[in-house]
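Some notes on the structure that comes next.
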Amino acid sequence: MRRWLPELVALPLLPLLAAQGRGVRRRTPRLPPAAGADNGLCGDTLAGAPLRLLAVGESPVAGVGVDHHEQAITAALARELSRRLHRPVQWRACGLNGVTVAQARQALLPLVPAQRVDVLLVAFGVNDSTAFRSSARWLSDLSLLLAGLREKCDPAVVLLAGVPPLARFPALPQPLRWVLGLKAAELDRVAAGMAGVRHVPMQSQADLAGMMAIDNYHPSTLGCAAWARDLAQAVELALP
């Protein structure tokens, strides 16, 4: 019953939710992906072999919400890991705005280089939540994507970013925010039980000044830096 709670709540509110969704799309600024190279090297190159970091995900990985890829989540995580581990980090971001996990298998997986990485970050969930993907389909799509990524890059550590808490997104009005928050929480609960990954719940900074971009929907530079600190802590615990 719990897995269907978001659908049961949404059903009688459907006309209102649809109208609110159209309003959000009309009012919310459509921000472009980040400019600049989607890969780089940070840290002291004399400190040893670089740690190889690959991020695959939806709009935050594509850098939506910041001006340059150096400010987005992948580079922010690379800098945080370099600082904590005292070694250089070679990073690559493979993201696409607006994709579900199923769409990412078709559009992003072929773009991932077939080479081993030390840390793989997988960050999805907002678009699957707004599309009201069933928990079973979400889990199946996520499992297939992870299997494809493991085959291509044999990661030592797989970080599965928690589904962002849509219940705290300022761009969403009530009750749309509440209903999408229920759906996001359910998808996150299912993802947290996956074997072979280190699930990192996303601690929402949406209500803190400066943590959200001007659209009140994507993380800002400060938001990405805070998110990177949580992810880096998980990597520290997972690496040998």
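The values are calculated or read from the model by the stated rules, or taken from the named source; none is laboratory data. This is a predicted model, so every value here is computed, not measured. Please note: Cβ atoms are built from the backbone with ideal geometry, for glycine as well, and neighbour counts cover all protein chains shown. Remember, those area values only see protein heavy atoms, side chains included, never the ligands or the DNA or RNA. Shrake-Rupley method; radii C 1.70, N 1.55, O 1.52, S 1.80 Å.
Restricting attention to segment 164-180, which residues are within 19 Å of MET211 (Cα to Cα) and open to solvent by less than 10 Å² (accessible area, probe 1.4 Å)? Listed by number, the residues that qualify are LEU166, LEU172.
Report whether or not ALA47 is in contact with a Leu (Cβ under 7 Å, 6 or more places away or on another chain) and either basic (Lys, Arg) or at pLDDT below 90 (or both). In short, no. Under the condition of being in a strand (DSSP E or B) and aliphatic (A, V, I, L, M), which residue from segment 81-111 is surrounded by the fewest Cβ atoms within 10 Å (Cβ to Cβ)? Among residues in segment 81-111 that are in a strand (DSSP E or B) and aliphatic (A, V, I, L, M), the one surrounded by the fewest Cβ atoms within 10 Å (Cβ to Cβ) is VAL89. Condition check for VAL117 on (1) assigned to a helix (DSSP H, G or I); (2) over 23 Å from GLY21 (Cα atoms); (3) open to solvent by less than 20 Å² (accessible area, probe 1.4 Å): one failure, at (1).
Being surrounded by 13 or more Cβ atoms within 10 Å (Cβ to Cβ), out of contact with any helix residue (DSSP H, G or I) (no Cβ under 8 Å at 6 or more places or on another chain) and among the β-branched types (Val, Ile, Thr) is the filter here, so list the residues in segment 1-45 that pass it. Scanning segment 1-45 gives a single hit, THR28. Within segment 33-65, the set of residues being over 24 Å from ALA238 (Cβ atoms), hydrophobic (A, V, I, L, M, F, W, C) and in contact with a strand residue (DSSP E or B) (Cβ under 8 Å, 6 or more places away or on another chain) comprises ALA34, ALA35, ALA62.
Among the conditions (1) in a helix (DSSP H, G or I); (2) surrounded by fewer than 19 Cβ atoms within 10 Å (Cβ to Cβ); (3) at pLDDT 95 or above, ALA78 misses just one, which is (2). Confirm whether SER82 is over 23 Å from GLN115 (Cα atoms) and among the hydroxyl-bearing types (Ser, Thr, Tyr). When the stated conditions are applied, SER82 does not pass them. Evaluate the following for ALA102: is it closer than 21 Å to TRP227 by Cβ and modelled with pLDDT of 95 or more? Taking the combined requirement at face value, the residue does not satisfy it.
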